[in-house]
Amino acid sequence: MPIYQEYLETLLDKVKQNIGEIAPAIEKAYLNAPRHLFIDAFLDQNPDGEMTEIKVTNDNLEEYLPKLYNDGALCFERNEEGRCISSISQPTLVLMMLQKLDLQEGQKILEIGTASGWNAAMMAQLVGESGAVYSIEILSDLATRTKTKIEQQGIQNIHLFDGDGAIQAYQTSFDRIMFTVGSYDIPQNIYSSLNEEGLLLMVLKNRGPFDSLILFKKTQNYLESIENSICGFVPLQGAYAMKELDGRKLEDWGIWQRLKDKEVIRQDFWWGSNYDKPRINYLKISGICSFLAITEPHFQLFKTEKGAMFFGLLEEEKDSMVIWKDNQLIGYGNEQAFHQIKAAFESYLRLGMPSASCFKVKAYPKGEVIQAQENEWLIQRKDMQFLWSIS
Ligand SMILES: C[S@@+](CC[C@H](N)C(=O)[O-])C[C@H]1O[C@@H](n2cnc3c(N)ncnc32)[C@H](O)[C@@H]1O
């Protein structure tokens, strides 16, 4: 028995505990694509707490098997702020995503974000020799390394591209498209490459703290969500990266510099507890933040140096802002934003405190004229408009 076999099977059991039964074809694909074959290096903390690159070789494989078969993501690359921008995803999440996509023999699949190629290798088995997987990776070095690994394993039906998946001109259309990276928009090339009745598994980012994993079906002139759950992925890079929508420090906003000395109203406002530890803060505000990110165009999430989060509404044109921080709700400039956020809290309670995953979403190309009705919210992006609704 190979030295990794027990790890491979134990991890599968763990995934099943998390998501329930797995389709036999997916289980087979998982067992035929041992995860360690797709990881030649990863970043890990050394005993001094510093991030170092671990190269995995035949000689040290045994030592690292517990990490390679842990049910967690492993980071490959970080940006200058220390944020992970490329990883092999958490096995539970990867297999859950494969279940949702309902892949069939003979289908053509597109994956945005190849990274290790592990997911692509499993999809290649699921669509069989009569099908094909196209996968694109924006980090050139990683794309080249992965290409070598896929060739060495003799996998024939994967076509790997090195480039930006959001602007690539695809020469074919697909039955399924899968994002393994979080994007605020569905780029036009992706939308038009999906066949009618095709499925798009999208990691849709919003201004809130989590991403939404949404399974869309393409029908006539729009995409309609079939399922929606919460997830967290590395952010899309390249032409469709929208860093301006990510949480920033409050001090970086011009409106804060203008209004910070003009406090007009303040009240104690408890959001569930009085702990101020970053992690607890993060969890206690995630529901309301996801809601405000969809329903309030002026919503903003702020991050502190220590990783805590707080939020508010910044109404530039009305010279008004409100922030919720340290269990206080504080209005600046004038009271407009303060009353606006309180009205939003009331709708949140009235609607049963929904998280982002309680919403349905339709995504329309930009040209369509769409009007939001009651309990519907329209969010415009570069190529698509997202109509969120709750009923
Ligand atoms: C979470 S990883 C994907 C995990 C991968 N599916 C696997 O099986 O290992 C996301 C990848 O998307 C890549 N990426 C980010 N923006 C991209 C873009 N615009 N086009 C293609 N790939 C992109 C990142 O470099 C990163 O390697």
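What follows is calculated from the coordinates using simple rules that are stated; it is not laboratory data. Because the structure is a prediction, the values reported are computed rather than measured. Here the Cβ is made from the backbone with ideal geometry for all residues, glycine too, and neighbour counts use every protein chain on show.
At a glance:
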{"quantity": "Sequence-separation-based contact order of the chain, relative, with Cα cut under 8 Å and 6+ spacing, percent", "calculated": "11 percent"}
{"quantity": "Rounded D (µm²/s) - the range 295-350, Kirkwood Rh over Cα pairs, Stokes-Einstein at 4 °C, 1.567 mPa s", "calculated": "111 µm²/s"}
{"quantity": "Charge context of Ile158, other residues only, Cβ under 10 angstrom, K/R +1, D/E -1", "calculated": "-1"}
{"quantity": "Calculated FRET value between Glu305 and Glu129, using beta carbons and R₀ = 45 Å, to 0.05", "calculated": "0.25"}
{"quantity": "Cysteines without a disulfide-compatible neighbour (Cβ-Cβ under 4.7 Å), the chain", "calculated": "Cys231, Cys289, Cys358"}
{"quantity": "Under 10 Å, Cβ to Cβ, from Gly106 - net charge with Lys/Arg +1 and Asp/Glu -1", "calculated": "-2"}
{"quantity": "Binned Cα-Cα distances of the range 204-253, short to long, each 5 Å bin given as a whole percent", "calculated": "4, 16, 20, 19, 21, 12, 4, 3, 1, 0"}
{"quantity": "Ratio of Rg to Rh over the range 111-220 (Cα coordinates, Kirkwood Rh, two decimals)", "calculated": "0.96"}
{"quantity": "Per-residue HN-Hα couplings for the range 169-178 [Karplus 6.51, -1.76, 1.60; θ = phi - 60°; Hz; x = Gly/Pro]", "calculated": "8, 7, 8, 9, 10, 10, 7, 9, 10, 10"}
{"quantity": "Cα shape, the chain, gyration tensor, a/c 1.5 rule", "calculated": "prolate"}
{"quantity": "Antiparallel bridge percentage (DSSP; both residues within the chain; nearest 5)", "calculated": "75 percent"}
{"quantity": "For Gln328, distant residues with modelled amide H under 5 Å away", "calculated": "Phe269"}
{"quantity": "Gaussian network model of the chain, Cα within-10 Å springs - most flexible of Leu101, Leu194, Leu11", "calculated": "Leu11"}
{"quantity": "Sequence-distant lysines (8 or more away, or on other chains) whose Cα lies within less than 17 Å of Lys362", "calculated": "Lys205, Lys217, Lys218, Lys382"}
{"quantity": "Net +/- balance of residues flanking Ala363 in space, Cβ distance below 14 Å, scoring K and R +1, D and E -1", "calculated": "+3"}
{"quantity": "Share of alpha-carbon pairs per 10 Å distance bin for the range 247-350, given as whole %", "calculated": "15, 52, 31, 2"}
{"quantity": "Cβ-based charge dipole, the range 247-350, positive-most Cα from Met321, Gly287, Leu250", "calculated": "Gly287"}
{"quantity": "Choice from Asn334, Asn195, Asn58 with maximal GNM fluctuation in the chain (Cα, 10 Å cutoff)", "calculated": "Asn58"}
{"quantity": "Cα-based reach from Lys318 at 20 Å (exclusive), listing lysines while leaving out same-chain residues under 8 positions away", "calculated": "Lys260, Lys262, Lys342"}
{"quantity": "For the chain, size of Cβ-based charge dipole, Lys and Arg +1, Asp and Glu -1, in debye", "calculated": "700 debye"}
{"quantity": "Part-to-part distance (alpha-carbon centres) for the range 1-67 and the range 150-218, which is given in Å", "calculated": "25 Å"}
{"quantity": "Overall dimensions of the range 163-230 by Cα: Rg and Dmax, Å", "calculated": "11.7, 36"}
{"quantity": "Rule-of-thumb Rg ratio for the range 56-184 [Cα; 2.2 N^0.38 Å; N residues]", "calculated": "1.06"}
